[in-house]
Amino acid sequence: MRERFSYVTDGSLALQAGADAAWQGPGPVEATVRLVVEVMAGTVPVRQLARRATAEVCMSLAAHQAPLANGARVSPPRVLTSWMQEPAAGVAEAGAVVVLNGTVQALALRLEYGRGRWRCTTIETAERMGSRLRKLTLP
């Protein structure tokens, strides 16, 4: 099943071709969402996120990352649906509904364009603490 990536805009913020030299379509944003989910699930080491996220996000994510699966059977993470918007030039906000370790949860990312690439500056999701969930903002 192919995941759906859709744009969320309202009239004044609608994306227009050529309006921003930094805009490259959803590709870099979608790839970053997928990579963050894989890191959170423990199927990919956090160092693979280094080019797509700030050092602060990487360090915070490493502290909350599930242990890497070394040959153990792991339920692969999935992005059920995702969306993005560009509230200002050089800023993208993405949201996703994902399955991590068999649990469906929401994920929000903020990416900023600088030095020729999009980088994740903030991740927001929920963290399970026993039977309760608490909001988790990285960094």
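Every read-out reported here was derived from the displayed coordinates using simple, explicitly stated rules and does not represent laboratory data. Please read these numbers as outputs of a predicted model, since none were measured by experiment.
When the chain is fully extended, how far beyond the present Cα-Cα distance does residue 31 get from residue 73, taking 0.36 nm per residue of separation?
Net length gain for the segment: 12.7 nm.
Could you work out how much longer the chain between residue 115 and residue 97 gets when fully extended? Use 0.36 nm per residue separation minus the Cα distance between them, nm to one decimal.
The residue 115-residue 97 span can extend by a further 3.5 nm.
Pulled fully out, how much extra length does the chain show between residue 43 and residue 89, if you take 0.36 nm times their separation in residues and subtract their Cα-Cα distance?
13.3 nm
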